[in-house]
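This report concerns only the one structure given below.
The values are calculated or read from the model by the stated rules, or taken from the named source; none is laboratory data. Since we're looking at a predicted model, the values are computed, not measured. Glycine gets a Cβ as well: all are built from the backbone with ideal geometry, and neighbour counts include every protein chain shown. Keep in mind that these areas ignore ligands, DNA and RNA; they rest on the heavy atoms of the full protein, side chains included. Shrake-Rupley method; radii C 1.70, N 1.55, O 1.52, S 1.80 Å.
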Amino acid sequence: MLRVVVCVSGGGTNLQALIDSIDAGSVTNAEIAGVISNNPGAYALERAKKHGIAGVCVSPKSYDNREQFYEALLDTVEGFAPDLIVLAGFLVTIPKQMIAGYKNRIINIHPSLIPSFCGVGYYGLKVHEKALERGVKITGATVHFVDEGTDTGPILLQKAVEVLPEDDAKTLQRRVMEQAEWLILPKAVHAIANGLVDVTDGRVLVRE
Ligand code: GAR
């Protein structure tokens, strides 16, 4: 059984999609060992609680400096002894030590088709605002492994979503979640949990 830790900052709809997919049996061989939030008010923590999943807040505000926060974050992650760390709307830069210690064992969901609309400053609603500003007709979501860069790691899965003329950032965000994120994040976890993922030279093969 793959032990999964999910890191969150906000609403936790991707966490919910993963919980529901495990409950429904479309994700097998995986269990959520814990949820970690940097934000004490994150609704994602409520979602964890409702499902009897351990939820912990590690807030940077509780520490004197970044190093201490990172140390606490790493300790908390390690306390769950995870096989896989899922960044599901986690808006904190991951400590280098964690990236090195969990190579190809950290995945992130990003709300665009990488390499479009990604990198430093592209998160949450901002991604969709930029996509609308640029006038793209197709956007989507990406699940990728996390490396030292921002949104630069090997890509596992992507799914395209249509942009409609009447969209604003919120309607587009919702459609990208419904039609892409909530499908490909659980699918990626299922694939990893069932040994269906191979990484060679930075390219990922996901078998069905
Ligand atoms: C999701 O759209 C996720 O793709 C995005 O934050 C949202 C979190 O929603 N992540 C990023 O932008 C990371 N760069 P959720 O808390 O409802 O899952």
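Quick rundown of the values:
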{"quantity": "Pairs, first among the basic types (Lys, Arg) in segment 76-104, second outside any helix (DSSP H, G or I), C-beta under 7 Å, six or more apart", "calculated": "Lys96/Glu148"}
{"quantity": "Members of segment 1-39 found to be farther than 20 Å from Gly79 by Cα, within 10 Å of the ligand (Cβ to nearest atom) and among the β-branched types (Val, Ile, Thr), listed by number", "calculated": "Thr13"}
{"quantity": "All positions within segment 110-166 that are over 18 Å from the mean Cα position of the chain (by Cα) and either open to solvent by 80 Å² or more (accessible area, probe 1.4 Å) or modelled with pLDDT under 95 (or both)", "calculated": "Glu129, Lys130, Glu133, Arg134, Lys137, Ile138, Glu162, Pro165, Glu166"}
{"quantity": "Number of positions in segment 86-106 that are open to solvent by 60 Å² or more (accessible area, probe 1.4 Å) and more than 16 Å from the ligand (Cβ to nearest atom)", "calculated": "5"}
{"quantity": "Residue check, Ala48 more than 16 Å from the ligand (Cβ to nearest atom) and of a type in the set (A, V, I, L, M)", "calculated": "no"}
{"quantity": "Meets criteria (in contact with a strand residue (DSSP E or B) (Cβ under 6 Å, 6 or more places away or on another chain), farther than 21 Å from Lys103 by Cβ, of a type outside the set (Val, Ile, Thr) and crowded, with 16+ Cβ neighbours inside 10 Å) for Leu15", "calculated": "yes"}
{"quantity": "Pairs, first closer than 16 Å to Arg175 by Cα in segment 1-14, second near the ligand (Cβ under 7 Å from one of its atoms) and in a strand (DSSP E or B), C-beta under 7 Å, six or more apart", "calculated": "Asn14/Ile109"}
{"quantity": "Any hit, segment 177-186, residues being more than 16 Å from the ligand (Cβ to nearest atom) and under 14 Å from the mean Cα position of the chain (by Cα)", "calculated": "no"}
